[in-house]
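**Student:** My structure is below; once you've seen it, I'll send some questions.
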Amino acid sequence: MAPAAAAAHHTSLGLDSRKMAFWAFIGSECLLFASLISTYLIYKGRSLVGPYPDILNIPFTSISTFDLLMSSLMMVLALAAVQRGDLKWAKVWLFLTALLGMFFLAGQVYEFTSFVHEGLTLQRNLFGATFFVLTGTHGAHVTVGVIWLLTLWSRALRGKLGKANALTVEICGLYWHFVDVVWIVIFTVVYLIQ
Amino acid sequence: MSATKGWRSWLTTTDHKRIGLLYFWTAFVFFLIGGLEALIIRAQLARPGNTVVSAETFNQLFTMHGTTMVFLALMPLSAAFFNYIVPLQIGARDVAFPRLNAFSYWVFVLGGLLLNASWLLPHHPAPDAGWFGYANLTSREFSPGPNIDFWLLGLQILGVASLAAGFNFIVTILNLRAPGMKMMRLPVFSWMTLVTSFLIITAFPVITVALVLLMFDRFFGTHFYLTSAGGDPVLWQHLFWIFGHPEVYILILPAMGIVSEVLPTFARKPLFGYTVVVYSGVLIGFMGWGVWSHHMFSVGLGPIADSVFSATTMLIAVPTGVKIFNWLATLWGGQIRATSALHFAVGFIALFTIGGLSGVMHASPPADLQQTDTYFVVAHIHYVLFGGTVFGLFAGMYYWWPKMTGRLLGERLGKLHFWLMFVGMNLAFFPMHFIGLLGMPRRIYTYAPELGVAKLNLVSTVGAFLIGASILVFLINVWRTRKRGKVAGNDPWGGATLEWTIPSPPPPHNFDVIPTVASRLPRWSMTQLTAIPEGAELGKPHAPAGSWWPLVAACGLPVLALAPLTHTLWVAFLGAAILITGIYRWAFEPFEV
Amino acid sequence: MRESPAGEHAHPTAGVYLRVAAVLVILTVIEVGVFYVPAFHPVLVPTLLILSAVKFTLVVMFYMHLKMDSRFFTFLFGGPLLLAMVMTMGLMFLFGAFVLKR
């Protein structure tokens with residue numbers, strides 16, 4: 001990846017411009033997810049017909065949650081590897097992060113299709129609408145993250161992910177952990193607090 | 001890609017000054033379109049029972065007038081100045097992310113074109129449910145055609161442009177300041193740009209969600225805003241106004257920043273109470289988040305909600321008022337040079353104050369129950385947005401025209417422009433206070449003579465056309481200035497801030513040597529601008545070449561939007577492919593800042 | 001890329017990361033346990049909110065490195081986060097979530 005030119009010059013706050021931009025972006029995303037979560041909470045209990053939240057599968061989703069938490073661990077290990085110039089382990093951890101992300105997505109696909117089979121659709125009731133749009137938006141974010149991770153992994157495969165690129169891996173990590181953190185909130189607010 | 005001439009250089013430019021000019025001209029064209037829409041509205045309302053346009057077309061006109069003015073004219077005109085002026089004021093060579101900057105511009109143009117393309121289709125299905133698109137009028141049931149689809153897709157695209165610019169300017173202002181340019185030495189215009197940018201990145205996600213939910217209702221059969229399945233149309237109002245109120249501060253703060261630059265220059269006196277003015281701006285930004293339901297006093301939110309929002313709304317008048325006093329104190333005792341720019345800045349103070357007063361009147365729920373949804377509100381919004389933002393923007397135009405073009409706009413025509421616009425504006429909008437209290441609702445295409453508002457409406461229409469005439473005067477001024485305007489040197493006004501230390505227009509790299517700043521008013525304390533610092537490289541620093549990828553990526557968005565508009569799925573994949581290709585090529589392109 | 005001076009300080013070791021991961025797992029187990037054990041249901045909501053807040057904080061502070069990084073990043077993230085939470089509370093109130101059921 002092209003060197004972070006924005007960091008090559010002295011900056012007023014002594015902070016990397018790209019990292020600063022990304023934290024601002026994450027802040028902005030808090031408002032996005034909060035609006036979706038608010039909509040979910042506002043409409044909780046207002047569905048005129050079922051299926052209702054008892055359709056949610058806590059054991060299954062707990063495993064998804066573990067999966068995402070572990071993927072965050074893989075991510076920090078990947079970053080650490082890149083920061084010490086360890087290309088071999090960088091490849092391993094990046095791939096594992098992406099893999100766990102794909103398992104999460106597979107789990108979401110399974111969950112969504114099974115709900116549809118049980119009669120919960122976007123159109124069925126407010127629970128369906130708010131649930132699918134909230135978790136679907138989260139899933140879309142995970143998908144973007146997986147693509148980003150696989151892009152970095154393919155750079156690593158070609159030997160183009162050295163210490164100099166640590167920042168881009170770090171920023172990918174910030175995104176990935178944020179997506180994980182949003183899931184922590186969703187898991188609690190949607191699945192556990194019914 | 002080293003060419004700086006030719007149309008290709010403009011398509012690939014990443015130079016903040018060029019992008020600023022692109023924003024300016026594009027936004028000005030949209031301003032004229034929005035103004036034309038207003039003139040047709042006023043022609044229709046000049047007499048009771050008029051038949052200039054049908055009711056359906058009238059709905060489209062006021063919707064597009066509002067949407068165009070807010071999103072395609074006022075915000076981008078402010079953005080023109082953010083782009084051109086802020087890097088110069090902070091002593092930088094460009095913004096933090098020049099290609100992202102170009103991307104913002106192209107997305108804006110394409111979004112604006114998409115929105116207005118609706119006028120060109122058979123039966124011109126332009127958006128017609130008001131600029132705030134209340135549910136459930138916007139549902140598929142009550143708005144079956146593509147009108148609202150154009151609206152929501154256009155706005156989503158424009159939101160992307162605004163968000164990108166917001167991130168860019170936050171990082172630019174915080175991280176790219178010249179040495180010695182501490183935050184409390186930053187020019188007020190740059191400060192207000194920073195606050196505005198924070199408002200943008202926090203408020204736009206909310207309307208993004210609101211529009212996504214509307215899109216799902218209209219395309220995928222959900223019931224987010226529909227009561228038949230237990231949904232609540234009021235949810236739309238909340239989400240929209242949680243965005244919408246910060247949005248009006250996004251619209252006014254830049255103009256306030258401009259006024260804070262113009263007044264000191266032409267009073268030859270530093271801004272009175274700089275610190276207070278800055279903190280007030282920041283406070284307005286924060287407090288702007290706490291007032292949104294004052295747009296909903298007639299919805300029946302209950303006494304607690306009404307009282308809370310009434311109180312917060314009255315409180316926000318305080319920092320606003322504080323600024324006004326500081327501006328007046330800046331002028332008091334100054335050596336006044338009554339340039340056109342100063343006329344507009346002073347006009348801003350007077351007209352915005354009037355708008356603020358009617359705003360405070362709205363803050364009382366019982367009073368607002370009579371005012372809301374009448375022309376009284378139309379009066380208020382136009383005093384603050386036209387008398388405020390538009391006058392502020394024109395002050396900026398007269399002030400910074402020499403810096404951007406190298407020539408001064410004519411002063412005689414400038415003053416003619418001002419007076420025509422000032423008189424026209426008051427004729428157009430002052431009667432609306434009375435028209436509204438006499439009972440004329442908003443958004444009606446005609447009215448009965450018995451309402452007793454015919455004469456006042458006629459006066460208002462005359463005022464509107466006077467405004468139109470004043471704009472023509474401005475355009476004549478612009479045209480004549482191209483070849484015959486007085487040539488401006490670096491600093492035609494004796495300004496205090498860094499943009500006046502470099503040539504007009506500036507060279508691509510802005511500063512030969514990045515200055516070290518030691519005060520808030522570097523040019524007025526010339527001895528403070530230190531000599532060339534040790535170790536600085538002289539000569540013309542390299543300015544970055546352009547890039548095609550921001551434009552390519554931007555093109556992906558309207559193509560994506562075409563998918564729902566044409567009900568064809570593969571178009572979405574095409575749009576996504578263009579967007580992703582653009583992003584990848586952009587990410588892997590070698591680009592030196 | 002030049003390391004920005006006021007940016008990061010000491011990186012946590014892999015051990016720290018693993019310990020954080022372990023705590024996250026344990027907290028999740030407790031959360032699920034609270035959900036299933038009826039005795040906890042009276043305090044379900046506050047308990048779960050606190051537990052998830054702790055997990056959130058751990059990931060942000062350690063995995064996203066916010067604890068060790070410039071306080072400015074905390075502000076850039078924390079400000080909008082606070083705003084988001086207040087907005088959610090406000091909306092919930094406006095839609096009757098905090099009204100005592102008679």
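The values are calculated or read from the model by the stated rules, or taken from the named source; none is laboratory data. In this text the structure is predicted, and so the values were computed from the model without any measurement. Don't worry about glycine lacking a Cβ; one is built from the backbone with ideal geometry, like all the others, and counts go over all protein chains shown.
**Student:** Looking at A:Gln108, is it at the interface with another protein chain (Cβ under 8 Å from one of its Cβ atoms) and either polar (S, T, N, Q) or out of contact with any helix residue (DSSP H, G or I) (no Cβ under 8 Å at 6 or more places or on another chain) (or both)?
**Tutor:** Answer is no for this residue.
**Student:** Got a sec? Which of B:Thr312, B:Thr275 is free of Cβ contacts under 8 Å to residues at least 40 places away in the same chain, outside any loop (DSSP other than H, G, I, E, B) and of a type in the set (Ser, Thr, Tyr)?
**Tutor:** B:Thr312
**Student:** Taking the criterion of being in contact with a helix residue (DSSP H, G or I) (Cβ under 9 Å, 6 or more places away or on another chain), facing chain A (nearest Cβ under 7 Å) and either under 30 Å from B:Glu499 (Cα atoms) or β-branched (Val, Ile, Thr) (or both), would at least one residue in the range B:215-229 satisfy it?
**Tutor:** yes
**Student:** Starting from the range B:484-501, take each residue that is surrounded by 15 or more Cβ atoms within 10 Å (Cβ to Cβ) and list its partners that are in a strand (DSSP E or B) and not hydrophobic (A, V, I, L, M, F, W, C), counting only C-beta distances under 7 angstrom and pairs at least six apart or across chains.
**Tutor:** The qualifying pairs are B:Gly485/B:Arg407; B:Ala488/B:Arg407.
**Student:** State whether one or more residues within the range B:487-501 are in the same structural domain as B:Gly396 (by TED's automatic domain parsing), more than 30 Å from B:Tyr274 (Cα to Cα) and touching a Ser or Thr at 6+ places or on another chain (Cβ under 9 Å).
**Tutor:** Yes, there is a match, as at least one residue in the range B:487-501 is in the same structural domain as B:Gly396 (by TED's automatic domain parsing), more than 30 Å from B:Tyr274 (Cα to Cα) and touching a Ser or Thr at 6+ places or on another chain (Cβ under 9 Å).
**Student:** Restrict the check to the range B:199-210 and report whether at least one residue is hydrophobic (A, V, I, L, M, F, W, C), touching a residue at least 60 places away in the same chain (Cβ under 8 Å) and more than 9 Å from chain A (Cβ to nearest Cβ).
**Tutor:** Among the residues of the range B:199-210, at least one is hydrophobic (A, V, I, L, M, F, W, C), touching a residue at least 60 places away in the same chain (Cβ under 8 Å) and more than 9 Å from chain A (Cβ to nearest Cβ), which makes the answer yes.
**Student:** Looking at (1) more than 13 Å from chain C (Cβ to nearest Cβ); (2) over 27 Å from A:Val49 (Cα atoms); (3) not β-branched (Val, Ile, Thr), find the lone condition where A:Phe178 falls short.
**Tutor:** (1)
**Student:** While we're on this one: Among the listed residues B:Lys455, B:Lys415, B:Lys403, which satisfies the condition of being free of Cβ contacts under 8 Å to residues at least 40 places away in the same chain and among the charged types (D, E, K, R)?
**Tutor:** When all the criteria are applied, what remains is B:Lys455.
**Student:** Same structure, new question: Evaluate the following for A:Val190: is it within 25 Å of C:Tyr36 (Cα to Cα), within 10 Å of another protein chain (Cβ to nearest Cβ) and at pLDDT 95 or above?
**Tutor:** Numbers: within 25 Å of C:Tyr36 (Cα to Cα): yes; within 10 Å of another protein chain (Cβ to nearest Cβ): no; at pLDDT 95 or above: yes.
Judged against the criteria, A:Val190 is not a match.
**Student:** Another one. Of everything in the range C:43-102, what is in contact with a His (Cβ under 6 Å, 6 or more places away or on another chain), surrounded by 15 or more Cβ atoms within 10 Å (Cβ to Cβ) and in a loop (DSSP other than H, G, I, E, B)? Give them in sequence order.
**Tutor:** The answer is C:Met64, and nothing else.
**Student:** Here is a list: B:Thr313, B:Thr339, B:Thr320. Which entry is surrounded by 19 or more Cβ atoms within 10 Å (Cβ to Cβ), more than 27 Å from C:Leu82 (Cβ to Cβ) and either of a type outside the set (Gly, Ala, Ser) or over 21 Å from the mean Cα position of the chain (by Cα) (or both)?
**Tutor:** Just a single option satisfies the conditions, and that option is B:Thr339.
**Student:** Now for a different question. Answer yes or no as to whether B:Met64 is assigned to a helix (DSSP H, G or I) and in contact with an Asp or Glu (Cβ under 6 Å, 6 or more places away or on another chain).
**Tutor:** yes
**Student:** Here is a list: A:Ser62, A:Ser28. Which entry is at the interface with chain C (Cβ under 8 Å from one of its Cβ atoms), out of contact with any Asp or Glu (no Cβ under 7 Å at 6 or more places or on another chain), surrounded by fewer than 20 Cβ atoms within 10 Å (Cβ to Cβ) and part of a helix (DSSP H, G or I)?
**Tutor:** Selected residue: A:Ser62, the only one of A:Ser62, A:Ser28 that is at the interface with chain C (Cβ under 8 Å from one of its Cβ atoms), out of contact with any Asp or Glu (no Cβ under 7 Å at 6 or more places or on another chain), surrounded by fewer than 20 Cβ atoms within 10 Å (Cβ to Cβ) and part of a helix (DSSP H, G or I).
**Student:** Now a separate question. Return the pairs, sorted by first residue and then second, in which the second residue is not in a helix (DSSP H, G or I), the first residue lies in the range A:65-81 and is facing another protein chain (nearest Cβ under 10 Å), the beta carbons are less than 7 Å apart, and the residues are 6+ apart or on different chains.
**Tutor:** A:Ala80/C:His11
**Student:** If you go through the range A:112-124 one residue at a time, do you hit one that is in contact (Cβ under 8 Å) with a residue 12 or more places away in the chain, more than 10 Å from chain B (Cβ to nearest Cβ), surrounded by fewer than 16 Cβ atoms within 10 Å (Cβ to Cβ) and assigned to a loop (DSSP other than H, G, I, E, B)?
**Tutor:** yes
**Student:** Something else: Out of (1) closer than 27 Å to B:Met440 by Cβ; (2) surrounded by fewer than 16 Cβ atoms within 10 Å (Cβ to Cβ); (3) β-branched (Val, Ile, Thr), the odd one out for B:Val29 is which?
**Tutor:** With (1) closer than 27 Å to B:Met440 by Cβ; (2) surrounded by fewer than 16 Cβ atoms within 10 Å (Cβ to Cβ); (3) β-branched (Val, Ile, Thr) applied to B:Val29, the lone miss is (1).
**Student:** Under 8 Å between Cβ atoms, at least 6 apart or on separate chains: pull out the pairs that start in the range C:56-85 with a residue that is in contact (Cβ under 8 Å) with a residue 12 or more places away in the chain and end on any residue that is assigned to a helix (DSSP H, G or I) and loosely packed, with under 15 Cβ neighbours inside 10 Å.
**Tutor:** From the range C:56-85, the pairs are C:Leu58/C:Val23; C:Phe62/C:Val16.
**Student:** Let me ask something else. Just to check your reading of the model, which residue among B:Gly91, B:Gly49, B:Gly6 is within 27 Å of B:Val559 (Cβ to Cβ) and either of a type outside the set (Asp, Glu) or surrounded by fewer than 24 Cβ atoms within 10 Å (Cβ to Cβ) (or both)?
**Tutor:** On the way: B:Gly91 fails: within 27 Å of B:Val559 (Cβ to Cβ); B:Gly49 fails: within 27 Å of B:Val559 (Cβ to Cβ).
One residue alone meets the criteria, B:Gly6.
**Student:** Does B:Pro125 fit the bill of being in the same structural domain as B:Phe224 (by TED's automatic domain parsing), in contact (Cβ under 8 Å) with a residue 12 or more places away in the chain, under 19 Å from B:Val212 (Cα atoms) and touching a Pro at 6+ places or on another chain (Cβ under 7 Å)?
**Tutor:** For B:Pro125, the condition - in the same structural domain as B:Phe224 (by TED's automatic domain parsing), in contact (Cβ under 8 Å) with a residue 12 or more places away in the chain, under 19 Å from B:Val212 (Cα atoms) and touching a Pro at 6+ places or on another chain (Cβ under 7 Å) - is not met.
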